[in-house]
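**Student:** The structure that follows is given in the form of structure tokens.
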Amino acid sequence: MYWVLSSSVVLSALLMIPKMEIKTTGPGVVATKKGTVTSVSKENIKIGETNFAVLQKKDNNAENKIFPTKTSWQEVVVNQNQTIKKKELLAKGVTLIKFDANMYVFIVLVSLIGISWGIGKAAVYKYIPEYFPKDVGVVGGMVGMLGGLGGFFGPIIFSYLLTATGIWSSSWIFILVFSIVCLIWMHYTITKIMNEKQPVLSKVIDRK
């Protein structure tokens, strides 16, 4: 069960990464000497007889890429006839990092987490008679009840999370947090049982 919950944590963490664009500072254009700006255009800045090229923005139409794509350009921040000092910024740099979630990667990750959960469900029923030999019926019924409630309330919780956050991957964030809580809770429970029933083996935990 450890690897089932651990894989749920890892896969849900990968699935929660949304389609996004991050705009940050990039390399700019700095004056190499002091002087007066004699000419300004989108492509070029001229100080005296020295020209400074300005990097232009290119369209980034990448879609369904597995890895993020990066686009950089520069924006002029000085005016004509302005007096410039050495190392003063002439054009600020802008970098746009774009990530467009790949559909095929998403399908593979969802399939893997579904397989992991299926194995985990079977493992739960396998361990019930081992950890609760006197309460197999009660515990088995509770597990089935919780599974049914999860299937009913899960979509409702996901819709409220989407409405509250506006993030489409908020459901996977919820699953990530829930998986971490379950992993910690399971470890605590197994350790407690081992300490009570087999003190000598308190540090030896079943990791199947």
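**Student:** Pick out the one residue from Leu55, Leu15 that is out of contact with any Gly (no Cβ under 6 Å at 6 or more places or on another chain) and over 30 Å from Trp168 (Cβ atoms). Spell out the reasoning first.
**Tutor:** Details: Leu15 fails: over 30 Å from Trp168 (Cβ atoms).
Selected residue: Leu55, the only one of Leu55, Leu15 that is out of contact with any Gly (no Cβ under 6 Å at 6 or more places or on another chain) and over 30 Å from Trp168 (Cβ atoms).
**Student:** Still on this model: Determine whether the stretch 130-142 contains at least one residue that is touching a residue at least 60 places away in the same chain (Cβ under 8 Å) and surrounded by 11 or more Cβ atoms within 10 Å (Cβ to Cβ).
**Tutor:** We begin by selecting, within the stretch 130-142, every residue touching a residue at least 60 places away in the same chain (Cβ under 8 Å); these are 131.
Filter once more, keeping what is surrounded by 11 or more Cβ atoms within 10 Å (Cβ to Cβ): 131.
Looking for residues that are touching a residue at least 60 places away in the same chain (Cβ under 8 Å) and surrounded by 11 or more Cβ atoms within 10 Å (Cβ to Cβ), one finds at least one in the stretch 130-142, hence yes.
**Student:** Still on this structure: Could you look through the stretch 70-105, keep only residues that are hydroxyl-bearing (Ser, Thr, Tyr) and farther than 13 Å from Gln56 by Cβ, and pick out the one that is modelled with the lowest pLDDT?
**Tutor:** In the first step, residues of the stretch 70-105 are kept if they are hydroxyl-bearing (Ser, Thr, Tyr); the result is 71-72, 83, 95, 104.
Narrowing the set further to residues that are farther than 13 Å from Gln56 by Cβ leaves 83, 95, 104.
Details: Thr83: 88, Thr95: 91, Tyr104: 83.
Within the stretch 70-105, the match that is modelled with the lowest pLDDT is Tyr104.
**Student:** Taking interchain pairs and intrachain pairs at least six residues apart, which have beta carbon atoms under 7 angstrom, with the first residue in the stretch 90-117 and within 22 Å of Val10 (Cβ to Cβ) and part of a loop (DSSP other than H, G, I, E, B) and the second open to solvent by 40 Å² or more (accessible area, probe 1.4 Å) and among the aliphatic types (A, V, I, L, M)?
**Tutor:** Correct list of pairs: Asn102/Ile66.
**Student:** Can you tell me how many residues in the stretch 99-113 are loosely packed, with under 11 Cβ neighbours inside 10 Å and under 17 Å from Leu183 (Cα atoms)?
**Tutor:** 0
**Student:** Of a type in the set (Val, Ile, Thr) and closer than 30 Å to Ser41 by Cβ, is that true of Val76? Walk me through it before giving the result.
**Tutor:** On the way: of a type in the set (Val, Ile, Thr): yes; closer than 30 Å to Ser41 by Cβ: yes.
The answer is yes for Val76.
**Student:** Mind listing whichever residues of the stretch 45-69 are open to solvent by 60 Å² or more (accessible area, probe 1.4 Å), modelled with pLDDT under 85 and polar (S, T, N, Q)?
**Tutor:** Result: Asn61, Asn64.
**Student:** Which residues, counting only those in the stretch 15-58, are part of a loop (DSSP other than H, G, I, E, B), under 30 Å from Leu162 (Cα atoms) and not hydrophobic (A, V, I, L, M, F, W, C)? Before you say what the answer is, go through the steps one by one.
**Tutor:** Residues of the stretch 15-58 that are part of a loop (DSSP other than H, G, I, E, B), as a first pass: 16-19, 31-34, 41-43, 48-49, 54-58.
With under 30 Å from Leu162 (Cα atoms) added as a condition, the list becomes 16-19.
Correct list: Pro18, Lys19.
The values are calculated or read from the model by the stated rules, or taken from the named source; none is laboratory data. This is a predicted model, so every value here is computed, not measured. Please note: Cβ atoms are built from the backbone with ideal geometry, for glycine as well, and neighbour counts cover all protein chains shown. Only protein heavy atoms, including side chains, enter the accessible area calculation; ligands, DNA and RNA are left aside. Shrake-Rupley method; radii C 1.70, N 1.55, O 1.52, S 1.80 Å.
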